[in-house]
Amino acid sequence: MMAGADFLAIVNALGLPPGARVDSRVPKKLLIEQGAPTAADKRAIQDGIDELQWFAACKPATIGVPAFSDDTREYLEIAVVGCAFRAGAKASRLIELIHRAIPYPVLLATTDESGLAVSAAHKRHAQNEAGRIVIEQVIMASGLRADAVDSVQVAFLKSLALAQQPRTDLFGLYAGWIARIEAVNAARLTGAFAPTDDQEAIDRRRAALDAHVRLTKEIEGLRAKAKREKQLSRRVDLNLEIQRRVADLTGIAKWL
């Protein structure tokens, strides 16, 4: 069954005009035809998705925000979509496939055993193939709860309102939602939710979040290597390297 209350926590937070609502079920068959490049992806969609729903179409006629077009991308509409995953689903791959399959930029809410997630990914024209659209990095906040009362998530949901986003055009609007997703990810590390539309601050935060992910993975790898290392001197070297990376990780916090 569709986790309606979970998805509605996101959809209602957007504060969209009634005319933007679609509330239509999307057949899995359509997603398989449009977004499954391999047999494994087809199986992942068939076995992992419980239900897919198109909640809203954000376009000039429905939300009063102009379309956007330049040499890199064309945003005529933003789709608000929800997807419930079954137990054991390959969630990260399915999220990427959904973003790839839909020709418009997507604000995607998903649910699985770990809770509610929200993701977005900018899209652009493919450089070497006319008419083809490719996604850029998928930005996601996971582990959310529809009934959560913690101050960070409450502030995050409030920040998603259409009225609080840049309204110059659909690209600016979508970038505003992505900035809020990044802000809640930063808040998980700092304890303070601080959304901004200042591009320099957004770029600094994005670089810091990317560096935090990279350093965290490197530290995990070094710790695993140190645990396996039999030679004492080499283990000492690895532990010193871990300490340096942890110090770097601590220093990143001021940019979040």
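A few notes on this one:
- Taken along its principal axes, the alpha carbon cloud of region 1-90 reaches lengths of 39, 36, 17 Å, longest axis first.
- In the calculated pair-distance distribution of region 152-209, the portion above 13 angstrom amounts to 56 percent of the Cα-Cα pairs.
- Relative contact order (percent, whole number), region 136-194, Cα cutoff 8 Å, 6+ residue spacing: 41
- Hydrodynamic radius (Kirkwood) for region 35-146, which is based on Cα pairs only, to one decimal in Å: 14.9
- Mean separation of Cα contacts under 8 Å, 6 or more apart, over the residue count of the chain: relative contact order %: 15
- Radius of gyration and Dmax over the Cα atoms of the chain, both given in Å: 20.0, 68
- Residue among K29, K42, K227 with the largest mean-square fluctuation in a Gaussian network model of the chain, springs linking Cα atoms under 10 Å: K227
- The portion of the accessible surface of the chain made up by carbon and sulfur, rounded to a whole percent, is 53 (1.4 Å probe; DNA, RNA and ligands excluded).
- Pairwise label distance in nanometres, D248 with D23, each label 7 Å out on the Cα-Cβ vector: 5.1
- Dimensions of region 191-256 along the principal axes, based on C-alpha atoms and rounded to the nearest Å, stand at 51, 20, 14, largest first.
- The base-10 log of I(q)/I(0) for region 23-66, evaluated at q = 0.18, 0.19, 0.25 Å⁻¹, reads -0.62, -0.65, -0.82 [Debye formula, identical scatterers on Cα atoms, solvent excluded].
- 1.4 Å probe accessible area per residue over region 152-227, in Å²: 47
- Shape category assigned to region 104-168 from the gyration tensor of Cα positions, a/c cut at 1.5: oblate
- Considering all C-alpha pairs of region 131-256, those separated by over 17 Å amount to 65%.
- Shape call, region 73-206: gyration tensor on alpha carbons, a/c limit 1.5: oblate
The values are calculated or read from the model by the stated rules, or taken from the named source; none is laboratory data. Quick caveat: nothing in here was measured; it's all calculated off a predicted structure. FYI the Cβ positions are ideal-geometry reconstructions off the backbone, even for glycines, and counts take in every protein chain you see. With ligands, DNA and RNA removed, areas are computed over all heavy atoms of the protein, side chains included. Shrake-Rupley method; radii C 1.70, N 1.55, O 1.52, S 1.80 Å.
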